[in-house]
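J.: Below you'll find the structure I mean.
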Amino acid sequence: MVNGVSPGDPDGKAMFFQPGGIVNFADYNNEVAWGRIEDSRTTLDQAERAQAWADLVAIQLEDAPYVWVGNIPVIVATRTRVHGDRILLFGSDYPHFDFDDPRKTLTRLPDKLRRRIFGESALETFPKLRPPE
């Protein structure tokens, strides 16, 4: 962590704090802290995401589930042409339902983003999927 913030998108560190998670080596379980991680995942607004993670860092500085003793410098770059909200498509293993029921998946996302992920983006990407008019 650099000044209490992880370089790049901090969501990659969430697995260390997920209650019951396989790499939650500290067996850390703070519902408020995990709620801030989930809050950061339900918005595309970068300022809101940054605030959620700043709140999480403040909670964890108090709880001290881990003591980070170092940080490997990482260069993170993304293209401005990449827009996850327009290219992310929902996929399932139909007819084998592997806990990916669309009615229960990504329910904390805003409705507009869920509509894009569950259909609109696919129809834009694969226009032949549209029913004939």
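The values are calculated or read from the model by the stated rules, or taken from the named source; none is laboratory data. Nothing here was measured: the structure is a model prediction, and the numbers come from that model. Note that we place each Cβ from the backbone using ideal geometry, even for glycine, and neighbour counts take in every protein chain shown.
J.: Of all residues in the range 106-133 being of a type in the set (A, V, I, L, M) and in a helix (DSSP H, G or I), which is farthest from L88 (Cα to Cα)?
T.: Pass one, the range 106-133, residues of a type in the set (A, V, I, L, M): 106, 109, 113, 117, 122-123, 129.
Still in the running and in a helix (DSSP H, G or I): 113, 117, 122-123, 129.
Details: L113: 10, I117: 6, A122: 8, L123: 12, L129: 16 Å.
The extreme case among them is L129.
J.: For the range 107-124, give me the residue count where each residue is among the polar types (S, T, N, Q) and closer than 13 Å to G84 by Cα. Steps first, answer last, please.
T.: Narrowing the range 107-124 to residues among the polar types (S, T, N, Q): 107, 121.
If we keep only those that are closer than 13 Å to G84 by Cα as well, we get 121.
So the answer is 1.
J.: Does Q60 count as in contact with a Phe, Trp or Tyr (Cβ under 9 Å, 6 or more places away or on another chain), modelled with pLDDT of 70 or more and surrounded by 13 or more Cβ atoms within 10 Å (Cβ to Cβ)? Working first, answer last.
T.: Values: in contact with a Phe, Trp or Tyr (Cβ under 9 Å, 6 or more places away or on another chain): yes; modelled with pLDDT of 70 or more: yes; surrounded by 13 or more Cβ atoms within 10 Å (Cβ to Cβ): yes.
Against the criterion (in contact with a Phe, Trp or Tyr (Cβ under 9 Å, 6 or more places away or on another chain), modelled with pLDDT of 70 or more and surrounded by 13 or more Cβ atoms within 10 Å (Cβ to Cβ)), Q60 qualifies.
Matching residues to (1) modelled with pLDDT of 80 or more; (2) outside any loop (DSSP other than H, G, I, E, B); (3) touching a Lys or Arg at 6+ places or on another chain (Cβ under 9 Å); (4) not hydroxyl-bearing (S, T, Y):
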position	(1), (2), (3), (4)
A26	yes, no, no, yes
R36	yes, yes, no, yes
L44	yes, no, no, yes
T80	no, no, no, no
G91	no, no, no, yes
H96	no, no, no, yes
F99	no, no, no, yes
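J.: Here's a follow-up. Can you pull out the residues in the range 1-20 that are surrounded by 12 or more Cβ atoms within 10 Å (Cβ to Cβ), at pLDDT below 80 and part of a loop (DSSP other than H, G, I, E, B)?
T.: M1, G4, S6, P7, G8, D9 - these are the residues of the range 1-20 that are surrounded by 12 or more Cβ atoms within 10 Å (Cβ to Cβ), at pLDDT below 80 and part of a loop (DSSP other than H, G, I, E, B).
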